[in-house]
Amino acid sequence: MSQSAPRPSDTYSPLYFLASLGAGGLAVTFFMWLMHWIPHPGKTVPVFEDITAAFTSGSVLVQGMILAAMAGIAVFAFLNLKLLVWNLRRFAQWRQTEAYAGFARSNAQSQVMALPLALAMSVNVLFILGMVFVPGLWSVVEYLFPLALVAFLAIGAYGFKLYGGFLGRVLTEGGFNCAANNNFGQVLPAFAFAMVGVGLAAPAALSTLPAVAGLGLVLSSFFLMTSVLIAAVAMVLGLRAMMENGANPETAPTLSIIVPLLAVLGILSLRQSHGLEVHFGADISAGQTLATLSKFLSVQVLFLLFAGLILIRQGYAGRFLFGRDTSAGSYALVCPGVGFAVMLHFFIDKGLVDAGLIVKFGPVFWVLSAVALAAQLAMIALVWHLNRRHFGVQGPMAAVPAE
């Protein structure tokens, strides 16, 4: 008699929320094609009518690009929401187990922040779906912004509740294992609050009403500063532990979490700058935007090199991606590739092109865009590989006789 071997995902970890997050991030990378490659006059982002107009008047190549982008958004948005629902169900069950009780007394308790992180990403994905596939959405978008603010604030409040439970325990009872903090896992809460912040910043960039834009600006600034403070402290603590004990091989992918964090904070800053310029008289030049994006991208590259060095020296891929060991934390590898690709699109179009350094759709534009596309394709391949490895049906194995 035989039975199916257990899948890695059968042993639940809240880090599986990163599977939903990664799929949502890939939907965003496809939206970057539409945002930076087709015209959307009078609007900060393209909507259904802009996409339809570009498709109707465009060449076969443009039409193919639009169809591929829309298909990519649809596929990965579906995967994002599917994995979110799966995680919410499994998390609710897991919270009733003894395994969760032990988890809640360890350093890893802060991993629950992957839940609000994934929720905030899914709200962003829903907005992308609306802009791309719903005709006439822009005519009622001002009614949606207050709903978006409420949704993101609710997720942010839930995030504070979860993170407060972790901080309240370790700062009153102690028990935080500094030696076992030899990773950047404690930066995850900063990433979650940054994702809430970038959602709150959307009305600042898109709303035509100064009151709504100003509210989005103020609220997103609160979460921006929350994220920066948490990340700064967590990085110092994590780096100290790594210098003393070496990086934990299983959690080494967290060393690259700064890359997507900077992508989110960079977009948040751009949204705020646009709102300040349109509604509040700020004079933000193309050169200032280029300088800001250059700094964000530079730090991203540095952390990609830093994390890559450690992962290669530890043989992470051979062990956790292609070997016998598996780790839900492997999904953290998707986020930096996505974050780098997204930031590079903004750097090219809103940085280099707007500053007049390169010509839009010229040779240099496409050479640099090819780097972003290569990162995107690599992350698509990684997501499919990880999903098969963690969620796929395993081969049969012999049943173990009962004793």
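The values are calculated or read from the model by the stated rules, or taken from the named source; none is laboratory data. Keep in mind that this is a model prediction, so the values were computed, not measured. As a convention, Cβ positions derive from the backbone with ideal geometry for all residues, glycine included, and neighbour counts pool all protein chains shown.
Just to be sure, is SER221 within 19 Å of the chain's Cα centre (by Cα), modelled with pLDDT of 95 or more and more than 27 Å from CYS178 (Cβ to Cβ)?
The answer is yes for SER221.
Kindly check whether there is at least one residue in region 237-248 that is polar (S, T, N, Q) and buried (at least 22 other Cβ atoms within 10 Å of the Cβ). Among the residues of region 237-248, not one is polar (S, T, N, Q) and buried (at least 22 other Cβ atoms within 10 Å of the Cβ), which makes the answer no.
Listed by first and then second residue, the pairs with beta-carbon distance under 7 Å, at least 6 apart or on different chains, first residue in region 198-223 and closer than 15 Å to PHE152 by Cα, second among the polar types (S, T, N, Q) and part of a helix (DSSP H, G or I), are GLY199/ASN124; LEU200/SER220; ALA201/SER220; ALA201/GLN272; ALA204/SER220; ALA204/GLN272; LEU217/GLN272; SER220/GLN272. Is one or more of the residues making up region 362-379 modelled with pLDDT under 95, in a loop (DSSP other than H, G, I, E, B), over 24 Å from the mean Cα position of the chain (by Cα) and not basic (Lys, Arg)? For region 362-379, residues modelled with pLDDT under 95, in a loop (DSSP other than H, G, I, E, B), over 24 Å from the mean Cα position of the chain (by Cα) and not basic (Lys, Arg): absent. Name the residues in region 272-296 that are in contact with a Pro (Cβ under 9 Å, 6 or more places away or on another chain) and either of a type in the set (D, E, K, R) or outside any helix (DSSP H, G or I) (or both), would you? PHE280 - this is the single residue of region 272-296 that is in contact with a Pro (Cβ under 9 Å, 6 or more places away or on another chain) and either of a type in the set (D, E, K, R) or outside any helix (DSSP H, G or I) (or both). If you filter region 208-232 down to residues that are surrounded by fewer than 24 Cβ atoms within 10 Å (Cβ to Cβ) and of a type in the set (S, T, N, Q), you find that the one that is farthest from ALA118 (Cα to Cα) is THR208.
Against the test of being at pLDDT below 95 and part of a helix (DSSP H, G or I), the options SER9, SER20 yield a single qualifying residue, SER9.
Taking VAL112 as the residue in question, decide whether it is modelled with pLDDT of 95 or more, farther than 30 Å from ALA53 by Cβ and in a helix (DSSP H, G or I). When the stated conditions are applied, VAL112 passes them.
A Cβ distance below 7 Å, combined with a sequence gap of six or more or placement on separate chains, defines the contacts here; from region 88-111, residues that are surrounded by 11 or more Cβ atoms within 10 Å (Cβ to Cβ) reach residues that are small (Gly, Ala, Ser) and not in a helix (DSSP H, G or I) in the pairs ARG105/GLY175; ASN107/ALA180. Residues in region 266-288: is at least one surrounded by fewer than 21 Cβ atoms within 10 Å (Cβ to Cβ), under 29 Å from SER13 (Cβ atoms) and at pLDDT 95 or above? No, region 266-288 contains no residue that is surrounded by fewer than 21 Cβ atoms within 10 Å (Cβ to Cβ), under 29 Å from SER13 (Cβ atoms) and at pLDDT 95 or above.
Would you say ALA202 is over 21 Å from ALA114 (Cα atoms) and either of a type in the set (A, V, I, L, M, F, W, C) or surrounded by 24 or more Cβ atoms within 10 Å (Cβ to Cβ) (or both)? Yes, satisfied. Taken over region 36-63, residues that are surrounded by 12 or more Cβ atoms within 10 Å (Cβ to Cβ) and in a helix (DSSP H, G or I) amount to 12. Screening ILE358 against (1) at pLDDT 95 or above; (2) surrounded by 11 or more Cβ atoms within 10 Å (Cβ to Cβ); (3) outside any loop (DSSP other than H, G, I, E, B) leaves a single unmet condition, (3). When the criteria are applied in full, LEU261 fails the requirement of being more than 15 Å from the chain's Cα centre (by Cα), farther than 25 Å from GLY214 by Cβ, at pLDDT 95 or above and of a type in the set (A, V, I, L, M, F, W, C).
Residues checked against (1) touching a residue at least 24 places away in the same chain (Cβ under 8 Å); (2) over 20 Å from ALA101 (Cβ atoms):
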site	(1), (2)
LEU137	yes, yes
TYR143	no, yes
LEU147	no, yes
TYR163	yes, no
PHE166	yes, no
ARG169	yes, no
GLY174	no, no
ALA190	yes, yes
